[in-house]
Amino acid sequence: MKVLVAVKRVVDYNVKVRPKADGSGVELNNLKMSINPFCEIAVEEAVRLKENGIATEIVAVSIGPQQAQEQVRASLALGADKGILIKTEQGLEPLAVAKCLKAICDQENPDIVLMGKQSIDGDNNQTGQMLGALTGYPQGTFASELKVDGGKASVTREIDGGLQTVSLTLPAIVTTDLRLNEPRYASLPNIMKAKKKPMEETTPEALGVDTAPRVTLLKVEPPAERTAGMKVASVDELLDKLKNEAKVI
Amino acid sequence: MSILVIAEHDNSHLKAVTLNTITAALTIDSDITLLVAGANCSGVGSEAAAIQGVGKVLVADNEAYGYRLAENLAPLIAELAPGYSHVLAPATTTGKNILPRAAALLDVQPISDVIAVEGADTFKRPIYAGNVIATVKSSDAIKLMTVRTTAFDAAPAEGGSGSIESFDSVYNQGNSAFDGEELAASERPELTSAKIVISGGRGLASSENFKMLERLADKLGAAIGASRAAVDAGFVSNDMQVGQTGKIVAPDLYIAVGISGAIQHLAGMKDSKIIVAINKDEEAPIFQVADYGLVADLFDVIPEMEEKL
């Protein structure tokens, strides 16, 4: 069984991003970049499927600039067998990303596609669902548990107010939520080994994907600042303020 | 222009988030059709027709739609969408699951988590976990979007008189099936929709001490959250995590207890109406976003609050 896992290079989750002074975009120069946390969980899940004898091959794919190779290599170090980098300098919208991944699915014929439920930069939460539409594969989004058996995937999904379990006929798409697993750290020997694993490079153009944007970013701005609050001296004063001033209790 | 709104419901009752989505739709145009797709959901159709502002309700009543599986609902929405200028769904786990799948069938790039409507094709949405607000303009012929329901008031649930029609197209892809559901049976409200949230951080020091917060939460009818530090320390499970990689909450009152206020955490709660911080370290960054700060030992404060409420 083959697993395709998609990973994205994003600003590290510990970095606070700011709009550029002219509001034309987000200041990204010299920020620490990492693998998107949800994608890291997807890689970990793929590796566990392989360790449990379910998956036989893991292909990791990323779409981005040349530097996104680092995130593919990181996935190889965690246990993926082959990497694919779809090189583009342009930031692609989820629809274009889904089209690129559809082209890779046609080429690789995976049984399961694992990906993060969203990336922590664009926060769109769309790509997995859109890939589902383009491939016709069923989808198990926001997964907190994945069981694969007999050509089916049983996916427990984190939904508002609880959990839902769906049964999907493979091939299927699974997008990860936080509770699915805790990713491991790559060991030094595995990082060294990853350098020798195969890595293919292609481009959206070579895959025949139209990447023309549909959405224009007009401006970015910081969210409304919170006005500085006050210190209260006691529980009594706090409760009084909440009851009589803020009127929230 | 006319707008299709995807109703959220459980086959018996409409969910309140639908009302907020209607308000968002009304800021674009007044011609609103509501799609109720489900199984044995005619009662929901009647409820939907009573919402003020809804002109027409389409009821797609079939077993295939009983659990709102994206595989079956997306083609239904894609069939209907070309008759509308906009398709809106609440940005819930259901809306987010279905709408992008429908959009890709239509070759449309959807807009997620809209918090403000600037025009028929221009919308504001948070990116980077709300640290940045983007204004985006869509060039697609049909706009598909999910709406962050905390950003819009609820439309009145009564007083409308929309017409009800049934819509009979059935899509049953047969590649996915509902297997079961475990909804939190807790007496406490759900974290993302609670009016009051009390969150604990590393300062709580143990899983045992979270019980203190639970007692206070029960007095206030509040949900309980936690910072990543508390989750990583193993005090509570990570479905309670509020923050950039956890849940995003915007309650009327957010009480941060023993939480220092890392960026990661602030990103998940800074849109709360009133923020209270209780921390013994007066330098803690959480105080910079708090409306009311109490510099004190939480182990004194929480029992005192519980007693005095």
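The spread of Cα positions in chain A, taken along each principal axis and listed from longest to shortest, comes to 63, 43, 39 Å. Residues A:Arg73, A:Arg18, B:Arg68, sorted by accessible area with the largest first, give A:Arg18, A:Arg73, B:Arg68 [1.4 Å probe; ligands and nucleic acids excluded].
Estimated from helical segments only, the mean residue ellipticity of the protein assembly as shown at 222 nm is -7000 deg cm²/dmol, where each DSSP H run of four or more residues counts as -39500 (n - 2.57).
With R₀ fixed at 30 Å, the C-beta to C-beta distance from A:Lys231 to B:Ser207 puts the FRET efficiency at about 0.50.
Pairing chains B and A buries close to 6700 square angstrom of accessible surface in total, based on protein heavy atoms and a 1.4 angstrom probe. In this structure, the amide hydrogen of A:Thr176, modeled 1.01 Å from its nitrogen in the peptide plane, lies closer than 5 angstrom to those of A:Met115, A:Gly116, A:Lys117, A:Phe142, A:Ala143, counting only residues at least 5 positions away or on a different chain. Using the Karplus relation 6.51 cos²θ - 1.76 cosθ + 1.60 with θ = phi - 60°, the per-residue 3J(HN,Hα) values for the stretch A:233-248 come to 9, 8, 4, 4, 5, 4, 5, 4, 5, 5, 7, 9, 9, 7, 6, 10 Hz, with x marking Gly and Pro. Separation of the alpha carbons by more than 25 angstrom is noted, of B:Lys143/B:Lys270; A:Lys117/B:Lys219; A:Lys20/B:Lys270; A:Lys231/B:Lys195; A:Lys8/B:Lys15, for B:Lys143/B:Lys270; A:Lys117/B:Lys219; A:Lys8/B:Lys15. Buried on complex formation within the stretch A:130-154 (loss of at least 30 square angstrom of accessible surface versus the isolated chain, 1.4 Å probe, ligands and nucleic acids ignored): A:Met130, A:Ala133, A:Pro138, A:Gln139, A:Phe142. At the residue level, B:Tyr171 shows approximately 60 square angstrom of accessible surface with a 1.4 angstrom probe and all protein chains present. Counting only other chain Cβ atoms within 10 Å of each residue's Cβ, the peptide A:209-219 averages 5.
In the stretch A:200-249, what trypsin sites (Lys or Arg not before Pro) fall in a loop by DSSP, with at most 14 other Cβ atoms inside 10 Å? Don't skip to the answer; put the middle values down first.
Working: sites: A:Arg214, A:Lys219, A:Arg226, A:Lys231, A:Lys241, A:Lys243, A:Lys247; in loops: A:Arg214, A:Arg226, A:Lys247.
Passing sites in the stretch A:200-249 are A:Lys247.
Among B:Val249, B:Val132, A:Pro204, which residue has its Cα positioned farthest towards the positive end of the charge dipole of the protein assembly as shown, with +1 placed on the Cβ of Lys and Arg, -1 on the Cβ of Asp and Glu, and the dipole taken about the Cα centre? The residue sitting most towards the positive pole is A:Pro204.
In the stretch A:202-249, what is the volume of the convex hull around the alpha carbon atoms, normalised per residue and reported in Å³? Display every interim value, and only then the final one.
On the way: hull volume 10.6 nm³, N = 48.
Each residue corresponds to 222 Å³ of Cα convex hull volume.
Full extension of the segment from A:Lys20 to A:Ile191, taken as 0.36 nm per residue of separation minus the current Cα-Cα distance, would add 58.0 nm.
Near A:Thr203, the amide H atoms lying under 5 Å from its own belong to A:Lys87; only residues 5 or more places off or on other chains count, and H is placed 1.01 Å from N.
Using the reciprocal of the averaged 1/r over all distinct C-alpha pairs, how large is the Kirkwood radius of the stretch B:115-154 in Å? Write out the running numbers ahead of the final one.
Numbers: mean 1/r = 0.0911 Å⁻¹.
Final number for the Kirkwood radius of the stretch B:115-154 is 11.0 Å.
The per residue volume of the convex hull around the alpha-carbon atoms of chain B is 140 Å³. Mean per-residue shielding of peptide A:162-172 is 6, counting Cβ atoms of other chains within 10 Å of each Cβ.
Model label points for B:Asp218 and B:Asp31, set 7 angstrom from Cα along the Cα-to-Cβ axis, are 5.5 nm apart. Using the Cα coordinates of the stretch A:18-121, the gyration tensor eigenvalues translate into equivalent-ellipsoid semi-axes of 27, 15, 12 Å, sorted from longest to shortest. Computed from backbone phi with θ = phi - 60° and the Karplus coefficients 6.51, -1.76 and 1.60, the 3J(HN,Hα) list for the stretch B:164-170 is 10, 10, 9, 10, 9, 5, 10 Hz; x is used for glycine and proline.
Just the number: Rg to Rh for the protein assembly as shown, Cα atoms, Kirkwood Rh, two decimals.
Computed over Cα atoms, the ratio is 0.96.
Values of log10 I(q)/I(0) for the stretch A:64-136 across q = 0.15, 0.16, 0.26 Å⁻¹ run -0.54, -0.62, -1.52, by the Debye formula with one identical scatterer at each alpha carbon and no solvent.
Just the Kirkwood number for the stretch B:85-175, please: inverse of mean 1/r across all distinct Cα pairs, in Å, one decimal.
Details: mean 1/r = 0.0669 Å⁻¹.
One over the average 1/r among Cα pairs gives 14.9 Å for the stretch B:85-175.
Distance between the pseudo-spin-label points of B:Asp252 and B:Leu183 (7 Å out from Cα toward the beta carbon): 2.3 nm.
Mean projected area of the Cα convex hull of the stretch A:1-42, taken over all directions, amounts to 3.8 nm².
If I compute solvent accessible area with a 1.4 Å probe over the protein chains, what percent of it on the protein assembly as shown is carbon and sulfur? Mind dumping the intermediate values first?
On the way: 10500 of 22020 Å².
Within the protein assembly as shown, the accessible surface is 48 percent carbon and sulfur.
Rounded to two decimals, the Cα radius of gyration of the stretch B:182-235 over 2.2 N^0.38 Å is 1.10.
Simple rule: put +1 on each Lys or Arg Cβ and -1 on each Asp or Glu Cβ in chain B, find the dipole, and look at B:Ile286, B:Pro90, B:Ala217; the Cα lying farthest toward the positive end is B:Ile286. The 3J(HN,Hα) values that the Karplus relation (6.51, -1.76, 1.60; θ = phi - 60°) gives for the stretch A:38-51 are, in residue order, 5, 5, 4, 5, 5, 5, 4, 5, 4, 5, 5, 4, 6, 4 Hz. Gly and Pro appear as x. What the protein assembly as shown shows is 39 Å² of accessible area per residue, with the surface traced by a 1.4 Å probe over protein heavy atoms. Once you reduce the stretch B:216-290 and the stretch B:61-97 to the center of their Cα atoms, the two points are 34 Å from each other. A Förster radius of 30 Å combined with the Cβ-Cβ distance from A:Thr56 to A:Glu201 puts the calculated FRET efficiency at roughly 0.80.
The values are calculated or read from the model by the stated rules, or taken from the named source; none is laboratory data. This is a predicted model, so every value here is computed, not measured. Heads up, the Cβs are rebuilt from the backbone with ideal geometry, glycines too, and the neighbour counts pull from every protein chain shown. The area values use the complete protein model at the heavy-atom level, side chains included, leaving out ligands, DNA and RNA. Shrake-Rupley method; radii C 1.70, N 1.55, O 1.52, S 1.80 Å.
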